[in-house]
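Visitor: Encoded as structure tokens, here's the structure I'll be asking about.
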Amino acid sequence: MDVEQDPLLSCLVWLTKHNKRPVSAQVLTDGLPLVDGRLTPKLFLNAAARGGFAAKLAERRLDHISELLLPVVLLLEDERACILQSLDLEAKEAEIIEPESGGLVRMSLEKLKQAYTGHVIFVRPEYKMGDRSRREYDDRDGHWFWSTIWRSARIYRDVILASLLINLFVLANPLFVMNVYDRVVPNHAEETLWVLAAGVLVVYLFDFGLKLLRAYFIEVAGKKSDVLLSSRLFEKVMGTRYDSMPNSVGAFASNLREFDSIRNFLSSTTNTVLIDIPFMVLFLLVISWIGGPLVVVPAAAIPIILIYALMVRPSLRRSIERTFSSTAQKNGTLVESLTAMETLKTQRAASPMQERWEESVGYIARWGLRSRMLSSSVVNVATFVQQLASVLLVIFGVYMIMDQTLSMGGLIACVILSGRAIAPLAQVASLIANYEQSLKALKTLDEIMALPDEFDGERRYIHRPELKGAIEFKEVDFTYPGTEYGALHKLSFRLEAGEKVALIGRIGSGKSSIQKLLLGLYQPSDGAIEIDGIDMQQIAPSDLRRSVGYVPQDVMLFAGTVRDNITIGLPQASDEQILQAARLAGVESFVNKHPLGFDMPVGERGSALSGGQRQSVALARALLHDPSIMVLDEPSNSMDNASEDALRRQLKSFMGDKTLLMVTHKMSLLDLADRLIVVDAGRILADGPKDSVLEALKQGRLQVRR
């Protein structure tokens with residue numbers, strides 16, 4: 001990554017060094033959605049957090065920046081930035097650090113003001129605390145979900161204020177009707193009627209406007225939280241340790257999609273209902289003021305609905321949880337089938353998948369029906385109780401009218417207010433199912449957010465600008481997660497920087513496991529792996545992989561063009577870099593023949609390319625950033641002899657002083673290696689010069705276990 005072309009990143013890298021906690025540009029920006037390959041002011045805040053800093057973007061005049069807060073990052077015109085080191089208001093001068101040169105420059109305050117945009121980023125180091133203190137801090141920092149919702153607290157405060165006025169305006173209608181029946185009609189007071197009507201109309205206009213504003217504020221708060229939470233959730237998924245990822249991709253994707261249910265639950269309807277519930281007390285008080293003992297009817301109806309809803313909730317929760325898990329299984333079957341469609345068709349394996357699909361769908365239908373019936377029963381009970389309450393109010397109200405303790409208008413007003421008091425409960429009943437589903441989704445997402453991160457922000461990684469390529473495995477044991485049989489057993493070997501080594505052995509002997517451990521995708525169960533004499537766990541994953549070019553046995557390409565797939569790990573690569581990598585990997589041989597060149601589409605998962613072409617693109621992708629370590633896993637198993645021979649020649653000229661660790665079963669590619677390591681059943685069977693090991697294998701002096 002060219003730090004000099006990114007002023008904000010240059011400033012941040014300088015700050016990490018200035019505060020004696022140097023962090024590489026790759027670590028600071030790994031996984032961030034860079035804009036044109038550069039940090040934006042908002043992304044700067046995320047990158048600073050990775051470097052152990054707390055950062056805040058603010059709008060501030062130069063003469064209002066306190067010297068106690070220096071150094072700070074100033075945003076300048078033309079997307080430039082600098083570090084303000086000191087400020088002398090009396091001399092009207094400032095000292096700045098220019099990221100391009102890293103040198104200290106003294107300039108007049110007036111000249112700096114001309115380039116200054118008025119925006120500044122305050123940066124301060126965060127304190128490192130012990131485990132106990134860190135846990136307490138994290139608790140105060142808040143839950144990943146609720147702390148984000150809390151950011152919209154001011155908006156929800158305005159929503160509550162609007163709801164208060166809206167519910168007060170609800171009283172206008174029953175009071176208007178009561179006064180018309182009790183005073184206007186008996187006295188034929190037409191002028192009073194028009195005055196009351198005009199007043200009610202004004203109230204309704206205010207009510208209409210407030211409802212629009214309330215709905216707008218709730219949607220704004222929901223959209224803000226949705227963007228923040230979605231971004232944070234995906235960033236978490238991308239940063240999760242590979243060995244902690246769930247086994248089923250489809251089920252995992254289904255669980256992530258359940259975030260939509262939480263978002264829908266926080267919609268305007270839900271918030272409106274929940275905010276309206278406390279105002280039931282207000283309506284009951286008004287009913288008591290108008291109708292006296294009539295308040296007993298709605299007051300008794302409310303707990304009946306609540307009790308029934310609480311009785312149904314355990315069964316509803318159980319059915320929703322089973323529906324939830326079945327939906328994840330169904331999506332797992334769908335994703336797996338679509339991914340392996342070619343295999344399903346050629347192996348006539350559609351029948352078992354159809355059976356699994358129908359079993360999941362049937363299970364979902366059964367428990368989904370139960371969930372819907374339970375939730376609808378709550379709605380129906382609430383509606384029935386509401387209707388019964390209206391009838392009872394009328395009956396008791398008629399007797400009170402006969403006793404002349406209640407007027408006709410008062411009875412009508414009580415009926416209207418009773419319906420308004422019970423209505424939120426009927427809507428809440430319909431939200432119970434959504435609440436249970438959202439609660440289950442939140443628990444599942446909590447489990448995802450609790451997965452271990454690949455990058456430990458609390459650890460002080462050793463900053464290495466580049467790795468030379470010396471590799472050593474020391475008594476390494478390794479077992480894949482979820483399995484009992486170990487893949488590697490007390491495995492030890494050492495590669496000097498620039499050494500070319502090939503791993504050979506039977507299928508399942510542990511060759512690919514060695515490479516995956518070297519890439520940091522998995523952690524050894526026991527033992528240690530050192531790079532350039534440093535334990536690999538002390539090196540940031542992004543720093544490690546920047547120096548390693550990896551070509552897997554099973555190549556995965558992404559929908560897009562050849563160029564997109566080559567530059568996916570280095571979007572800012574120049575055309576010269578792309579052409580060089582493409583030439584070395586053999587991509588030019590088929591790209592030059594296509595009218596679109598490097599813009600030719602590869603299809604989903606590279607389906608538009610042959611197996612050999614996909615491997616060439618994967619190799620170009622690995623060579624693009626000129627790594628010091630090359631890790632190749634059967635790099636030519638899908639290529640023809642001519643392509644393989646051309647690849648071998650190009651790689652031999654490219655390797656130079658780079659370290660090579662290659663897995664291959666092809667004798668022709670062994671020409672790239674000077675040393676062979678024979679692996680069998682997770683142990684090293686032989687290790688030595690290529691010719692000596694091959695001769696021993698030919699003579700049968702090495703017995704490979706069967």
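The values are calculated or read from the model by the stated rules, or taken from the named source; none is laboratory data. As the structure is a prediction and not an experimental result, all values here were calculated from the model. Cβ sites come from the backbone with ideal geometry, for glycine too, and all protein chains shown count toward neighbours.
Visitor: In the stretch 514-627, which helices (runs of 4 or more DSSP H) lie fully inside it and hold 2 or more residues that are on the phi < 0 side of the Ramachandran plot and among the acidic types (Asp, Glu)? Can you show your working first?
Guide: Values: elements: 541-546, 562-566, 575-585, 588-591, 611-623.
Answer list for the stretch 514-627: 575-585.
Visitor: Then there is this: Would you mind finding the one in Ser351, Ser319 that is surrounded by 15 or more Cβ atoms within 10 Å (Cβ to Cβ) and either under 28 Å from Leu445 (Cα atoms) or at pLDDT 80 or above (or both)? Walk me through how you get there before you give the answer.
Guide: Numbers: Ser351 fails: surrounded by 15 or more Cβ atoms within 10 Å (Cβ to Cβ).
Within the list Ser351, Ser319, the selection yields Ser319.
Visitor: With respect to Ser418, is the statement that it is over 30 Å from Arg317 (Cβ atoms), under 47 Å from the mean Cα position of the chain (by Cα) and in a helix (DSSP H, G or I) true?
Guide: yes
Visitor: Using beta carbons and a limit of 8 Å, which pairs, at least six apart or on different chains, have the first residue in the stretch 622-636 and more than 16 Å from Leu584 (Cα to Cα) and the second one at pLDDT 85 or above and aromatic (Phe, Trp, Tyr)?
Guide: Partner pairs satisfying both residue conditions: Asp633/Tyr550.
Visitor: Here is a further query. Restricting to the stretch 339-366, what's the tally of residues that are β-branched (Val, Ile, Thr) and within 29 Å of Phe558 (Cα to Cα)?
Guide: Of the residues in the stretch 339-366, 3 are β-branched (Val, Ile, Thr) and within 29 Å of Phe558 (Cα to Cα).
Visitor: Turning to a different aspect of this structure: Counting just the residues of the stretch 1-53 that are under 19 Å from the mean Cα position of the chain (by Cα) and β-branched (Val, Ile, Thr), which one comes out surrounded by the fewest Cβ atoms within 10 Å (Cβ to Cβ)?
Guide: Only one residue tops the list, namely Val35.
Visitor: For the stretch 378-397, check the following and say yes or no: at least one residue is free of Cβ contacts under 8 Å to residues at least 40 places away in the same chain and outside any helix (DSSP H, G or I). Full working, then the answer.
Guide: First, pick out the residues of the stretch 378-397 that are free of Cβ contacts under 8 Å to residues at least 40 places away in the same chain: 380, 384, 387, 390-391, 394-395.
If we keep only those that are outside any helix (DSSP H, G or I) as well, we get none.
No, because not a single residue in the stretch 378-397 is free of Cβ contacts under 8 Å to residues at least 40 places away in the same chain and outside any helix (DSSP H, G or I).
Visitor: Can I ask one more? Need pairs with beta-carbon distance below 8 Å; first residue more than 11 Å from Val123 (Cα to Cα) and within the stretch 11-24, second of a type in the set (Ser, Thr, Tyr); sequence gap 6+ or separate chains.
Guide: Val13/Ser24; Pro22/Thr16; Val23/Thr16; Val23/Tyr461; Ser24/Ser542
Visitor: Which one is surrounded by the most Cβ atoms within 10 Å (Cβ to Cβ), of the residues in the stretch 500-515 that are closer than 15 Å to Tyr480 by Cα and touching a residue at least 24 places away in the same chain (Cβ under 8 Å)?
Guide: Ile514
Visitor: For the stretch 138-197, give me every one of the helices (runs of 4 or more DSSP H) that falls completely inside it and has 2 or more residues that are modelled with pLDDT under 80, assigned by TED's automatic domain parsing to the domain that holds Ala221 and over 30 Å from Ala450 (Cα atoms).
Guide: The helices (runs of 4 or more DSSP H) meeting that bar are 153-170.
Visitor: For residues in the stretch 582-613 being farther than 28 Å from Thr343 by Cα and under 32 Å from the mean Cα position of the chain (by Cα), which is surrounded by the most Cβ atoms within 10 Å (Cβ to Cβ)?
Guide: Here the answer is Phe598.
Visitor: Within the stretch 544-558, is there a residue that is in the same structural domain as Val663 (by TED's automatic domain parsing) and within 16 Å of Arg241 (Cα to Cα)?
Guide: Narrowing the stretch 544-558 to residues in the same structural domain as Val663 (by TED's automatic domain parsing): 544-558.
Those still in the list that are within 16 Å of Arg241 (Cα to Cα) too: 544-545.
So far as the stretch 544-558 goes, yes, one or more of its residues are in the same structural domain as Val663 (by TED's automatic domain parsing) and within 16 Å of Arg241 (Cα to Cα).
Visitor: Can you tell me which of (1) more than 25 Å from Gln26 (Cβ to Cβ); (2) buried (at least 21 other Cβ atoms within 10 Å of the Cβ) is the one Gly527 doesn't meet?
Guide: The one condition Gly527 does not meet is (2).
Visitor: Quick check on Gly37: is it under 19 Å from Pro541 (Cα atoms) and among the small types (Gly, Ala, Ser)?
Guide: In short, no.
Visitor: Any residue in the stretch 161-187 that is under 24 Å from Gln404 (Cα atoms) sitting within a Cβ distance under 9 Å of a residue that is polar (S, T, N, Q)? List the pairs, counting only those 6 or more apart or interchain.
Guide: Here the result reads Met178/Ser407; Asn179/Thr192; Val180/Thr192; Tyr181/Ser407; Asp182/Ser407; Arg183/Thr192; Val184/Thr192, each pair linking the stretch 161-187 to a residue that is polar (S, T, N, Q).
Visitor: Another question, if that's okay. Inside the stretch 470-499, can you point out the residues that are part of a loop (DSSP other than H, G, I, E, B) and buried (at least 22 other Cβ atoms within 10 Å of the Cβ)?
Guide: Ala487 - this is the single residue of the stretch 470-499 that is part of a loop (DSSP other than H, G, I, E, B) and buried (at least 22 other Cβ atoms within 10 Å of the Cβ).
Visitor: Using the structure shown, decide if Thr327 is at negative phi and surrounded by fewer than 18 Cβ atoms within 10 Å (Cβ to Cβ).
Guide: No; evaluated as a whole, the condition is false for this residue.
Visitor: Continuing with the same structure: Which of the residues belonging to the stretch 363-377 are touching a residue at least 40 places away in the same chain (Cβ under 8 Å) and under 25 Å from Leu310 (Cα atoms)?
Guide: Within the stretch 363-377, Ile364, Trp367, Gly368, Arg370, Ser371, Arg372, Leu374, Ser375, Ser377 qualify.
Visitor: Moving to a separate point now. Does Arg459 fit the bill of being modelled with pLDDT under 80, in a loop (DSSP other than H, G, I, E, B) and within 27 Å of the chain's Cα centre (by Cα)? Steps first, please.
Guide: Values: modelled with pLDDT under 80: yes; in a loop (DSSP other than H, G, I, E, B): yes; within 27 Å of the chain's Cα centre (by Cα): yes.
So Arg459 fits the description; yes.
Visitor: Assess whether Asp535 counts as being in contact with a helix residue (DSSP H, G or I) (Cβ under 8 Å, 6 or more places away or on another chain) and either free of Cβ contacts under 8 Å to residues at least 24 places away in the same chain or closer than 19 Å to Met238 by Cβ (or both).
Guide: So Asp535 fails the test.
Visitor: Within the stretch 211-254, which residues are closer than 23 Å to Asp276 by Cα and free of Cβ contacts under 8 Å to residues at least 40 places away in the same chain?
Guide: Leu212, Tyr216, Lys223
Visitor: Then there is this: Might you let me know whether the stretch 93-109 holds any residue that is of a type in the set (A, V, I, L, M, F, W, C), surrounded by 16 or more Cβ atoms within 10 Å (Cβ to Cβ), in the same structural domain as His18 (by TED's automatic domain parsing) and under 15 Å from Leu12 (Cβ atoms)?
Guide: yes
Visitor: I've got another one for you. Got a sec? Which of Leu310, Leu306 is surrounded by fewer than 17 Cβ atoms within 10 Å (Cβ to Cβ) and closer than 30 Å to Val398 by Cβ?
Guide: Leu306
Visitor: Something else: Applying the selection to the stretch 436-456, what residues are under 23 Å from Thr323 (Cα atoms) and at pLDDT 75 or above?
Guide: The answer is Ser438, Leu439, Lys440, Ala441, Leu442, Lys443, Thr444, Leu445, Asp446, Glu447, Ile448, Met449.
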